[in-house]
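*Asks:* Pasting in a structure now, in structure tokens, and then I'll have a few things to ask.
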Amino acid sequence: MALPRPLILLSNDDGINAPGLLALERALAPLGRLVTVAPLTEQSATSRRITLRRPLHCEQRGDCRYGVNGTPADSVMLALIHLLKEPPSLVVTGINNGPNLGENVYYSGTVGAAAEGAKFGIPSIAVSVNQRVRVDFGPAGRVAAQISAKVLECGLPRGVALNVNVPLGNPSGVCVTRQCEKISRNVVIERKDPHGRPYFWIHEEVPAEAAQDGSDYAAVHRGEVSVTPLQFDHTAYGSLDRVSRDICDISLGALGEDQ
């Protein structure tokens with residue numbers, strides 16, 4: 001008897017009808033049984049935020065497709081805990097129209113959704129493309145399918161997700177990278193509304209040529225696919241001994257006493 005095809009959960013932060021998500025569905029369809037659970041509306045830069053102070057609603061948007069009035073992390077959590085009848089073999093999020101490189105992994109809803117899958121111990125991949133206007137998702141879809149097939153075959157270390165960034169056009173290669181240190185310059189643009197009140201846009205400028213060798217920015221700048229393994233245990237293990245020595249010798253008996 002043939003084994004059942006693997007179950008793959010898809011999500012994103014651009015919304016259930018985003019072209020990048022539809023391209024991801026087409027690219028991964030040959031690999032297994034797909035279930036898509038994604039936000040009803042765009043949720044870019046929501047990171048791993050979850051909704052606690054209003055109810056979530058889930059709408060069926062086609063065969064094995066569901067839209068959630070929440071964040072990417074909400075969508076993945078709802079899928080894994082409630083909607084799916086079996087745990088998926090893989091979580092894939094994207095394809096995001098715009099890169100998620102360097103410090104932007106902290107803000108990205110695409111990466112946040114993959115992190116939610118990794119939290120549950122499921123191999124997870126976030127896929128983004130370095131293009132925002134007139135995006136051709138074809139190359140990124142093919143990259144996503146090939147990497148997904150490899151992860152289905154070989155797995156990933158528990159708690160690790162892959163952050164995949166595909167350059168504009170056809171990639172010249174694939175390389176494993178580290179997350180780039182901050183090279184961007186954050187910009188706050190001030191304007192005034194019709195009533196004379198100031199408002200602000202947050203923007204960034206990125207001199208990609210300044211990226212360190214071996215980093216995600218450097219790879220994409222060269223035209224290569226960047227594959228960065230991310231872990232979400234933020235413990236600074238190398239600092240445990242120093243913090244224990246320098247900080248944890250306080251006297252708890254003195255707390256609350258008048259000096």
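*Asks:* For region 4-117, which strands (runs of 3 or more DSSP E) that fit wholly inside it have 1 or more residues that are free of Cβ contacts under 8 Å to residues at least 60 places away in the same chain?
*Replies:* Working: elements: 7-11, 33-39, 58-60, 65-68, 90-97.
Result: 33-39, 58-60, 65-68.
*Asks:* Only one of V160, V127, V151, V174 is in contact with a strand residue (DSSP E or B) (Cβ under 9 Å, 6 or more places away or on another chain) and more than 17 Å from P88 (Cβ to Cβ); which? It would help to see each step written out before you state the result.
*Replies:* Values: V160 fails: more than 17 Å from P88 (Cβ to Cβ); V127 fails: more than 17 Å from P88 (Cβ to Cβ); V151 fails: more than 17 Å from P88 (Cβ to Cβ).
Among V160, V127, V151, V174, only V174 is in contact with a strand residue (DSSP E or B) (Cβ under 9 Å, 6 or more places away or on another chain) and more than 17 Å from P88 (Cβ to Cβ).
*Asks:* State which residue is least open to solvent (accessible area, probe 1.4 Å) when the search covers only region 118-134 and only residues that are assigned to a loop (DSSP other than H, G, I, E, B) and hydrophobic (A, V, I, L, M, F, W, C).
*Replies:* It comes out as I122.
*Asks:* Look at S244 and say whether it is touching a strand residue (DSSP E or B) at 6+ places or on another chain (Cβ under 9 Å), small (G, A, S) and modelled with pLDDT of 90 or more. Give the derivation first.
*Replies:* Working: touching a strand residue (DSSP E or B) at 6+ places or on another chain (Cβ under 9 Å): no; small (G, A, S): yes; modelled with pLDDT of 90 or more: yes.
When the stated conditions are applied, S244 does not pass them.
*Asks:* Would you mind telling me which numbered condition in (1) open to solvent by 70 Å² or more (accessible area, probe 1.4 Å); (2) among the β-branched types (V, I, T); (3) touching a residue at least 24 places away in the same chain (Cβ under 8 Å) I250 fails?
*Replies:* (3)
*Asks:* Related question: Of the residues E209, E153, which single one is acidic (D, E) and at pLDDT below 95?
*Replies:* E209
*Asks:* List the pairs whose first member sits in region 231-245 and is part of a helix (DSSP H, G or I), whose second member is open to solvent by less than 70 Å² (accessible area, probe 1.4 Å), and whose Cβ atoms are under 9 Å apart, counting only residues at least 6 apart or on separate chains?
*Replies:* Close Cβ pairs satisfying both conditions: V243/A236.
*Asks:* Same structure, new question: Looking at the structure I just gave you, is R178 modelled with pLDDT of 95 or more, out of contact with any Gly (no Cβ under 7 Å at 6 or more places or on another chain), open to solvent by 100 Å² or more (accessible area, probe 1.4 Å) and farther than 17 Å from Y107 by Cβ? It would help to see each step written out before you state the result.
*Replies:* Values: modelled with pLDDT of 95 or more: yes; out of contact with any Gly (no Cβ under 7 Å at 6 or more places or on another chain): no; open to solvent by 100 Å² or more (accessible area, probe 1.4 Å): yes; farther than 17 Å from Y107 by Cβ: yes.
Answer is no for this residue.
*Asks:* Just name the residue that is modelled with the lowest pLDDT out of those in region 156-168 that are open to solvent by 40 Å² or more (accessible area, probe 1.4 Å) and out of contact with any Gly (no Cβ under 7 Å at 6 or more places or on another chain).
*Replies:* The qualifying residue modelled with the lowest pLDDT is L168.
The values are calculated or read from the model by the stated rules, or taken from the named source; none is laboratory data. Here the structure is a predicted model, which means the values were calculated and not measured. Ideal geometry is used to build each Cβ from the backbone, glycine not excepted, and the neighbour counts take in all protein chains shown. Note: accessible area is taken over every heavy atom of the protein model, side chains too, but ligands, DNA and RNA are not part of it. Shrake-Rupley method; radii C 1.70, N 1.55, O 1.52, S 1.80 Å.
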